[in-house]
1. Give, in nm to one decimal, the length gained when the segment between Ser157 and Val125 is fully stretched (0.36 nm per residue of separation minus the Cα-Cα distance).
2. Charges on Cβ only, +1 for Lys and Arg, -1 for Asp and Glu, centred on the Cα centroid of the chain; of Val125, Ser265, Phe41, which one is farthest towards the dipole's positive end?
3. Given the peptides 194-202, 249-257, 217-225, arrange them by the average over their residues of other C-beta atoms within 10 Å, most packed first.
4. Just to confirm a number: summing +1 for Lys and Arg and -1 for Asp and Glu over residues other than Ala249 whose beta-carbon lies under 9 angstrom from that of Ala249, what do you get?
5. Restricting to Cα pairs below 8 Å that are 6+ residues apart, what does the relative contact order work out to for the range 156-278? Please round to a whole percent.
6. Once you list every other residue whose beta carbon is under 15 Å from the beta carbon of Phe148, what net charge do they have if Lys and Arg are +1 and Asp and Glu are -1?
7. In the chain, which longest range has no GluC sites (Glu not before Pro) that are both DSSP loop (not H, G, I, E or B) and surrounded by at most 10 other Cβ atoms within 10 Å?
8. Helix-only estimate, please: 222 nm mean residue ellipticity of the chain, summing -39500 (n - 2.57) across DSSP H runs of length 4 or more and dividing by its residues, to the nearest 500.
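Where a number appears in this text, it was derived from the coordinates with a stated rule and is not lab data. Everything numeric in this text was worked out from a predicted model, so none of it was measured. Note: ideal-geometry Cβ built from the backbone for every residue, glycine included; neighbour counts use all protein chains shown.
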Amino acid sequence: MRAHLLAILLALCCHAMAEDLNGIWKGTLTQGAGGCYPQYFLELQINFSGDRITGKAYDYYDKAHFVKMGFTGRYNPLTHRLVLIEQRILEAEIPVECEACIKTYDLNYSKSGELEFLSGDWKGVYSAKKLVCPPGHVSLKRASVSDFPVDIEQSDSLIALQRTLKLQPRQPTLVKTIVLHSADVKIDLYDDATIDHDTVTVLINNKLLLYRRMLTDRPLTIHFNAFPNTEYELVMYADNLGDIPPNTALMMVTSGQEKIEAYMSSSEQNSATVRFVYKP
């Protein structure tokens, strides 16, 4: 009996581990009478790492008229139920007669052959009036390409800093393209040789992640969750050239069991870049 229960638990565990919601999901969102439009397009960019879910939601009539929200969530692998709760409006480009609705999604995961789906219902409140929005339904399918820029998670302080930051344009120089086989990516940056007071500003997909940090024998670390088949470009911008020009760094990339090195060199004319693509 005990062996039978153990077998069941192992099967459930393996099944739960096989379901990875990380990535881009696209489809439609309907809204009942009283909403601005009866149907919208919806894109969810879900960061699913361990038991932590964060991400961005775009509901849009077209690419010029959209609302971008940040959300958090949870997933039950036994019931295949996913609940996402929008936290705040990050950007809104909508007609003046419309108002953004802050939503909670109650979705179910399913799979048919190679296709994966999220479907269910949503409800919410208007952002300003705090009145209940007319609820509706959601139907999404896993997608390989986003209709909007794929975000990297930033702290509130870095978001605020980037709004005031004005970096001089420089020519990007591609150092390496790295194909990864795990969504979990850790990047460590060290001074390449003699510690000579090089400082760097680092961006991934134009999102500020390190600002004016000195390279030493201790790593400057960036950790992010990669979406499948999505390109990420890291740019190392030289704030100075240190005591021994140019500004150089050793990059160590850890992704799952893989470890990859790249040597970076940036100047006042060029910024070293590395591209990452996660291929499951």
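1. 8.7 nm
2. Val125
3. Per-residue mean Cβ counts within 10 Å order the peptides as 194-202, 249-257, 217-225.
4. Computed value for this residue: -3.
5. 36
6. On the way: positive: Lys26, Lys56, Lys63, Lys68, Lys207; negative: Glu43, Asp59, Asp62, Glu91, Glu93, Asp147, Asp151, Glu231.
Cβ neighbours under 15 Å give a net charge of -3.
7. 115-280
8. Calculated mean residue ellipticity at 222 nm is -3000 deg cm²/dmol.
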